[in-house]
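S.K.: Sharing a structure below in structure tokens format, with a few things to ask.
Every number in this text was worked out from the coordinates using simple rules, so none of it is lab data. None of these values were measured; they are calculated from a predicted model. Cβ: placed from backbone, ideal geometry, glycine included. Neighbour counts: every protein chain shown.
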């Protein structure tokens, strides 16, 4: 018996090849999204703008101020001359951090008293504000510590050792660069963004054009039609993965620690899952517009918000944490980050892989159940 | 033999009776709306069965239920011996189906479309090439095998879609309005493919809005508002029409029509070009009553002759005439004479594509000018240029005394335009629509209420201003749209396929309206792809591939035909007789209901030869006679001449 699945695949590939818009969405948009998000989405603080209100104007105050740009985290952009400028700079978002050194700073230091400095941070981006304040505190602390040593040394005493010291080492992303974390997450998001959309539109377009009625009046069974539609789009999605993986490695230079074959195997399951979701959307919609909105709603949006791509799941309220289990992007992003950043294998990732596999099977079964060879 | 795939199973399941389709009480509701109800239908093997009805009559719903891709909400259907709901998969695996909408894959070539459908229907590899070649030859598509389907003309697409639906030689073909908007030549080729299938034993169920297409079917069902109002052989339907049809030529025609409408409303008199048609009781042709009525009005009766009723006459007689036609005014103030539209060498190019190519014609005041042509021939583009909506690439035109491009505002105030989709606001009432269009066309306040009342009378909607447009029937919407388009009393009226999808009774009344407007001096330029509507026009222009290939009155065009004669032949088994003449040189045979139409060079010399052939094959010929050409035959001849001209030019270059 000749394969009807093959007939659909053959037809679909030919149509896709001759459709420049589908080709562009399939091959250009993923790279563009990777580039934009990989470059723009950074949680790192680098060269944050710093405004300084040095009311003391002493050698000591200058020494403290110097340490900020030296750290690499700050860039001194403004010098404040009057109190009134502070609010202005923060209001307009010109300075992320304002450092105020009150008069008598050097004097207090010289007398061995505790000198105070004030740091004002723009808290509208709370995460970066926390990081900035953390850096500022650390810089001031290290300055204070040095001054103490100097003072003790001047009195002929050795500096005491700190009673407890944190020996911190970062595993898995030693330089703590967020691109290393964003890009493996983007694999999951991009494969959820474009392939389901393309697939949903491909089927609904046939419904709108009416050619699907011709498919209805044929010996083909629903699962054969679904599989025939799924395979070419899954293949395209797999190709997309290879492209963005290559771009991640050679463009963003992310370190890839784990197993390529394992990641690709997980990708095969995942692309069938995402394409399947697109088909599921198409089986309950009749117009391309609705299909597009619905697929954005069930694929792209949750994969951004509830997959751990940007917002860590463990900080979410418990109910929302449970909710995230509904979206396959969560599993794949865990797998992708696990392999790329941590070099963990099946021993650790099997639950996620199993979840993905079950999810994919479920989507396929639901789609074939919902797809009826009827016009209404 | 066609139908190998399903015939074995078919004979097992439907042994004695040859019913391919049996439907009982079939119905379908969509929410509150009933699309089809209580449909009883039996279709025999080898029939070509026509489902006739206007838009929204329930044709598509019926066909989808029979094709087992729509479950009925009531009743049941058996197709090829299978229950349409429980055994839907058996039905869809066997039949051929062509939906009304574009059903091909535009980005696949002709060849690839056929290959795909062949694979989809599991046509064995060995049989595929031969079947493809045969179908392509029949459809005259061999030369286009490698063209993408989306770049084919509308007619070619329909032919290809039919080939795709037939690639697996199905025992039953279900075709949903397969020829709407197709040029007459493609149309004839399309039917030739169907005849071929018929002679091979295929059963065909075809829906159509065209009466003349329904005439070709061995049996016809008339659908109206989801109900079957008649179902029989065309000949018997015609015979069943009470009374007799008469054609008269009377002067002045309009006064005659008004008098007849008053004296004999049940005779449903209507204007057919220069002639009036009416249905009189048996023997009423001579009865004095209506003649006296005409004489009282000083109408001169030139000729009276009995004619065979058309299917349209039957349909109109059967339709429940809910909205009575507003009576036609006997006298209308004639407008001044002179040309209203003058077009010289008008052309429109879109990039490399020439949509309209050097078109010239003139329309006099009070003239009805009919633009005929298949979809994509340039009708709408020409109208858009004349309305000032498109700037022509070349040529010039004067419309209502305004040079094209000189003064668009003046032009717009002197023309009216009604598009295919009627462009009314469905959520607004009749009165609100009128007020809106009066505002758009800047109808002066002083005359507004008078014009409004006039428009309501014109549309037959007096006293119904509060009704929502959405609730109106297709025919009433169409009249209202026309009333809106003439609120500002334009000198020239453009109507772009105003009658598409409307039932025949409404169409007749609409043409009466157009006639009234023309007599008042309004020039009407109207496009249509109903060939029979050509008779309503004073002058016809046939557009084909953007060129005006014929221009003249219907009578002139017929007289200009020098391409043989048409023989009508009535015999017992027309489909078998058709098979006899399919490959006969010098004869073009087509099915015409229960008759055959044979186009021959010379009737007198061909007749004995044809009769001998039929007799040898054992056919009993009941009647053979020469019949006048239909307007469609005329157009086919002109298109073939144009095609020959293009072919020689292509051969030379």
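S.K.: If each of residue A:315 and residue A:357 carries a label point 7 Å out from its Cα toward its Cβ, how far apart are those two points in nm?
M.R.: 3.4 nm
S.K.: Continuing with this model, one more query. First measure r as the distance between the Cβ atoms of residue A:178 and residue A:223, then evaluate 1/(1 + (r/R0)^6) with R0 = 51 Å and state the FRET efficiency to the nearest 0.05. Walk me through the numbers on the way to the answer.
M.R.: Working: r = 43 Å, r/R0 = 0.84.
Between residue A:178 and residue A:223 the formula returns 0.75.
S.K.: Continuing with this model, one more query. Taking only the Cα atoms of chain A, how large is their convex hull per residue, in Å³? Each step should come with its number before you reach the end.
M.R.: Working: hull volume 69.9 nm³, N = 376.
It is 186 Å³ per residue.
S.K.: Still on this structure, please answer the following. What is the Cα radius of gyration of the range A:275-341 over 2.2 N^0.38 Å, N being its residue count?
M.R.: On the way: Rg = 13.6 Å, N = 67, 2.2 N^0.38 = 10.9 Å.
It is 1.26.
S.K.: Helix-only estimate, please: 222 nm mean residue ellipticity of chain A, summing -39500 (n - 2.57) across DSSP H runs of length 4 or more and dividing by its residues, to the nearest 500.
M.R.: Numbers: 16 runs with 235 residues, N = 376.
-20500 deg cm²/dmol, from helical runs alone.
S.K.: For chain B, what number results from the quotient of the Cα radius of gyration and 2.2 N^0.38 Å?
M.R.: Working: Rg = 25.6 Å, N = 653, 2.2 N^0.38 = 25.8 Å.
Ratio of Rg to 2.2 N^0.38 Å for chain B: 0.99.
S.K.: Quick one, can you get me the convex hull of the C-alpha atoms of the range B:526-608 expressed as volume per residue in Å³? Don't jump to the answer; show the numbers that get you there.
M.R.: Values: hull volume 11.5 nm³, N = 83.
Enclosed volume per residue, from the Cα hull, is 139 Å³.
S.K.: Which percent of the Cα-Cα distances in the range A:178-263 go past 23 Å? Spell out each step's value before the answer.
M.R.: Working: 1455 of 3655 pairs.
Here the long-distance tail beyond 23 Å is 40 percent of all Cα pairs in the range A:178-263.
S.K.: How much FRET efficiency would the formula 1/(1 + (r/R0)^6) give for residue A:209 and residue A:168, where r is the Cβ-Cβ distance and R0 is 60 Å, rounded to 0.05? Don't skip to the answer; put the middle values down first.
M.R.: Details: r = 61 Å, r/R0 = 1.02.
Once rounded, the FRET efficiency stands at 0.50.
S.K.: What is the average number of partner chain Cβ atoms found within 10 Å of a Cβ in B:110-121?
M.R.: Details: counts 0, 0, 4, 3, 0, 4, 9, 5, 2, 9, 14, 6.
Counting Cβ atoms of other protein chains within 10 Å of each residue's Cβ and averaging gives 5.
S.K.: Relative contact order for chain B: what percent, with Cα pairs under 8 Å and sequence separation of 6 or more?
M.R.: Details: 1289 pairs, mean separation 80.9, N = 653.
Computed value for chain B: 12 percent relative contact order.
S.K.: If packing is taken as the average number of other Cβ atoms within 10 Å across a peptide's residues, how do B:120-130, A:215-225 rank, most packed first? Show your work: numbers first, answer last.
M.R.: Details: B:120-130: 14.6, A:215-225: 20.7.
For the peptides B:120-130, A:215-225, the packing ranking is A:215-225, B:120-130.
S.K.: Considering only the protein assembly as shown, what is the antiparallel percent among its DSSP beta bridges, to the nearest 5? Can you show the working numbers first?
M.R.: Details: 78 of 123 bridges.
Here the antiparallel bridges make up roughly 65 percent for the protein assembly as shown.
S.K.: Highest first, please rank the peptides B:603-615, B:243-255, A:322-334 by the mean number of other Cβ atoms sitting within 10 Å of their residues.
M.R.: Working: B:603-615: 14.5, B:243-255: 18.3, A:322-334: 21.5.
So the peptides B:603-615, B:243-255, A:322-334, ranked by packing, come out A:322-334, B:243-255, B:603-615.
S.K.: Moving on to the next point. In degrees, nearest 10, range 0 to 90: what is the angle between the Cα axis of helix B:154-166 and the longest Cα principal axis of chain B?
M.R.: 30 degrees
S.K.: Follow-up question, since we're still on this one. Classify the protein assembly as shown as rounded, prolate or oblate, taking a ≥ b ≥ c as the square roots of the eigenvalues of its Cα gyration tensor: rounded when a/c is under 1.5, otherwise prolate if a/b is larger than b/c and oblate if not. Before the final figure, lay out each step's value.
M.R.: Values: a/c = 3.01, a/b = 1.96, b/c = 1.54.
Judged from the Cα gyration tensor, the protein assembly as shown comes out prolate (a/c at least 1.5, a/b above b/c).
S.K.: Also, quick follow-up: From the helices alone, meaning DSSP H stretches of at least four residues, give me the mean residue ellipticity at 222 nm for chain B, per-run term -39500 (n - 2.57), in deg cm²/dmol to the nearest 500.
M.R.: About -11000 deg cm²/dmol.
S.K.: To check you understand DSSP bridge types, tell me what percent of the beta bridges within the range A:48-154 (both residues inside) are antiparallel, rounded to 5.
M.R.: Among the beta bridges of the range A:48-154, antiparallel pairing accounts for roughly 30 percent.
S.K.: Could you tell me which of rounded, prolate or oblate describes the range B:449-529, using a ≥ b ≥ c as the square roots of the eigenvalues of the alpha-carbon gyration tensor, with rounded for a/c under 1.5 and, failing that, prolate when a/b is larger than b/c and oblate otherwise? Don't skip to the answer; put the middle values down first.
M.R.: Details: a/c = 1.89, a/b = 1.09, b/c = 1.73.
Here the range B:449-529 falls in the oblate category.
S.K.: Taking the alpha carbon gyration tensor of the range A:1-109, what are the square roots of 5 times its eigenvalues, largest first, to the nearest whole Å? All intermediate terms of the calculation are to be shown ahead of the outcome.
M.R.: Working: eigenvalues 753, 39, 16 Å².
Those come to 61, 14, 9 Å.
S.K.: For residue B:44 and residue B:604, calculate 0.36 nm times their separation in residues minus their Cα-Cα distance, and state this gained length in nm to one decimal. Don't jump to the answer; show the numbers that get you there.
M.R.: Values: separation 560, 0.36 × 560 = 201.60 nm, distance 3.66 nm.
This chain segment gains 197.9 nm when fully extended.
S.K.: Same structure again: Taking each residue of A:200-213 in turn, how many C-beta atoms of other protein chains fall within 10 Å of its C-beta, and what is the average?
M.R.: Numbers: counts 0, 0, 0, 0, 0, 0, 2, 0, 1, 7, 7, 10, 3, 11.
Averaged over the peptide's residues, the number is 3.
S.K.: Could you work out the equivalent-ellipsoid semi-axes for the range B:4-232, taking the square root of 5 times each eigenvalue of the Cα gyration tensor, largest first, in whole Å?
M.R.: Numbers: eigenvalues 154, 83, 51 Å².
The equivalent ellipsoid of the range B:4-232 has semi-axes of 28, 20, 16 Å.
S.K.: Tell me whether the range A:212-326 comes out rounded, prolate or oblate; compute the Cα gyration tensor, take square roots of the eigenvalues as a ≥ b ≥ c, and use a/c under 1.5 as the rounded threshold.
M.R.: Values: a/c = 2.38, a/b = 1.39, b/c = 1.71.
The shape class here is oblate.
S.K.: Using only the Cα atoms of the range B:242-308, each taken as one equal point scatterer with no solvent, compute I(q) by the Debye sum, divide by I(0), and report log10 of the ratio at q = 0.18 Å⁻¹.
M.R.: Taking Cα atoms of the range B:242-308 as identical point scatterers yields -0.54.
S.K.: Give me the percent of DSSP beta bridges within chain B that run antiparallel, rounded to the nearest 5. Could you put the intermediate results ahead of the total?
M.R.: Values: 74 of 109 bridges.
Looking only at bridges with both residues in chain B, the antiparallel portion is about 70 percent.
S.K.: While we're looking at this one, here's another question. At 7 Å along the Cα-to-beta-carbon direction for both residue B:650 and residue B:282, put a label point, then send me their distance in nm to one decimal.
M.R.: The modelled label-to-label distance comes out at 5.6 nm.
S.K.: Once you average over the residues of A:18-25, how many Cβ atoms of partner chains fall within 10 Å of each Cβ?
M.R.: Working: counts 7, 2, 0, 0, 1, 0, 0, 0.
Across the residues of A:18-25, the mean count of other-chain Cβ atoms within 10 Å is 1.
S.K.: May I ask you to order B:426-434, B:97-105 by the average number of other C-beta atoms within 10 Å around their residues, highest value first? Write down the numbers at each step before the final one.
M.R.: Details: B:426-434: 17.7, B:97-105: 22.6.
Going from most to least packed, we get B:97-105, B:426-434.
S.K.: Write down the Kirkwood hydrodynamic radius of the range B:562-628, to one decimal in angstroms, obtained as one divided by the mean of 1/r over all alpha carbon pairs. Before the final figure, lay out the partial values.
M.R.: Numbers: mean 1/r = 0.0861 Å⁻¹.
About 11.6 Å, per the Kirkwood formula over Cα pairs.
S.K.: Determine, from the Cβ-Cβ distance of residue A:75 and residue A:151 and an R0 of 22 Å, the FRET efficiency 1/(1 + (r/R0)^6), rounded to the nearest 0.05.
M.R.: For residue A:75 and residue A:151, the calculated efficiency is 0.10.
S.K.: Could you check the simple spin-label distance between residue B:293 and residue A:260, using points 7 Å along Cα→Cβ, in nm with one decimal?
M.R.: For the pair residue B:293/residue A:260, the computed spacing is 9.2 nm.
S.K.: What fraction of the Cα pairs in the range A:124-250, stated in percent, has a spacing above 21 angstrom?
M.R.: Values: 5489 of 8001 pairs.
Pairs farther apart than 21 Å: 69 percent.
S.K.: Which residues in the range B:233-269 have a backbone N closer than 13 Å to a point placed 7 Å from the Cα of residue B:302 along the Cα-to-Cβ line?
M.R.: Answer for the range B:233-269: B:248-254.
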